[in-house]
Amino acid sequence: MLLGALGQLGCDADVDSPFTAVSAGGTGTVPPQTGSGTTVGGSSGSSDTDPQTSGAVTTEAVTSTTSPTTDPTGAETTATDPCTPDPCTAPEICVDGVCSGAAAPMPGEVVFNELQPNPDVVTDEQGEWLELHNTAAVAVELNGCELSDQGSDSHTIVSSIAIEPGGFAVLGRVEAANGGVTLDYAYGNDISLANGDDEIALRCGGVVIDELIYSASWPFGAGASAQLTPGAGPSNDDPAQWCEATTVYGDGDLGSPGAANAPC
């Protein structure tokens with residue numbers, strides 16, 4: 001889970017302002033001017049007027065060697081913050097204008113929504129897959145979460161699987177030659193879905209997010225997945241909420257990987 005924040009730029013409070021020096025003995029007071037040949041940063045009147053004899057005072061600007069941090073109008077210069085106003089929805093955070101850092105799901109926010117334990121057009125080692133559904137109102141991230149059963153099967157997810165609100169993620173054994181399934185993540189041979197009694201759990205940070213225990217009596221068959229009726233969510237422990245898929249996908253097996261299921 002990636003979190004980040006954009007710091008606030010600050011301004012140097014030690015500002016040297018431009019100033020004007022006068023040749024009046026360092027008193028800062030300009031003596032009264034006499035005559036018509038007064039010269040202030042230039043000349044006026046006759047071109048041969050001598051400021052030394054006419055009592056004129058000459059002033060010249062001295063430029064500070066330190067650049068001020070304010071613009072000529074006196075307004076403080078600040079950078080535009082691409083995260084103000086915040087374009088993200090919690091728990092996402094804004095980093096340089098980009099929303100990222102979706103949090104791991106809470107229990108019941110991600111559920112097992114479809115299982116293909118027994119593909120027909122390819123072998124189980126190639127074509128098994130499962131589908132997860134995000135029931136939360138915010139995106140969730142599964143990187144670092146674990147898939148396991150009550151036996152020896154276990155796999156820790158090692159790359160990002162972000163699921164949008166109401167979205168789906170399909171995880172399976174192999175990317176290619178899998179019967180035409182598009183996977184969001186491949187877990188290899190670490191996870192095997194039995195054609196009879198088995199179980200599968202998703203844990204994030206050691207917390208069980210969802211666990212499904214199924215049996216050979218559940219509604220799936222050779223080449224046809226078991227699918228959860230839409231809206232059942234955490235009630236997926238009830239086999240009455242499941243039915244056998246009838247929609248053709250990929251090379252000819254039945255299911256709806258990555259899409260909403262038909263009502264049971």
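Each value in this text was obtained by applying a stated rule to the coordinates, not by laboratory testing. If you're wondering where the values come from, they're calculated on a predicted model, not measured in any experiment. Glycine also receives a Cβ, built like all others from the backbone with ideal geometry; neighbour counts cover every protein chain displayed.
For residue 109, enumerate residues with amide H under 5 Å from its amide H, sequence gap 5+ or separate chain, H modeled in the peptide plane.
Residues meeting the criterion, in which the H sits 1.01 Å from N, do not exist here.
Which whole-Hz ³J(HN,Hα) couplings does the range 132-147 yield from phi under the Karplus relation 6.51 cos²θ - 1.76 cosθ + 1.60, θ = phi - 60°, glycine and proline marked x?
Values, residue by residue: 10, 10, 8, 8, 7, 8, 10, 5, 10, 10, 9, 4, x, 6, 10, 9 Hz.
Please compute P(r) over all alpha-carbon pairs of the range 155-264, binned at 5 Å starting from zero, and give each bin as a whole-number percent.
For the range 155-264, the pair-distance distribution reads 2, 10, 18, 26, 25, 15, 4, 0.
Could you state the number of Å between the C-alpha centres of the range 203-233 and the range 245-264?
15 Å
What list of ³J(HN,Hα) values in whole Hz, one per residue of the range 162-179 in order, does the Karplus curve 6.51 cos²θ - 1.76 cosθ + 1.60 (θ = phi - 60°) give from phi, with Gly and Pro shown as x?
9, 10, 5, x, x, x, 10, 9, 10, 10, x, 7, 9, 6, 10, 6, 10, x
If you count, for each residue, the other Cβ atoms within 10 Å and average over each peptide, how do 111-120, 205-214, 251-260 line up from highest to lowest?
111-120, 251-260, 205-214
Place +1 on the Cβ of every Lys and Arg and -1 on the Cβ of every Asp and Glu in the range 110-254, take the dipole about the Cα centre, and give the residue among 196, 247, 117 whose Cα lies farthest towards its positive end.
Farthest towards the positive end: 247.
Debye sum, Cα scatterers, the range 95-241, no solvent: what log₁₀ I/I(0) at q = 0.09, 0.11, 0.20 1/Å?
Normalising to I(0) and taking log10 leaves -0.26, -0.39, -1.31.
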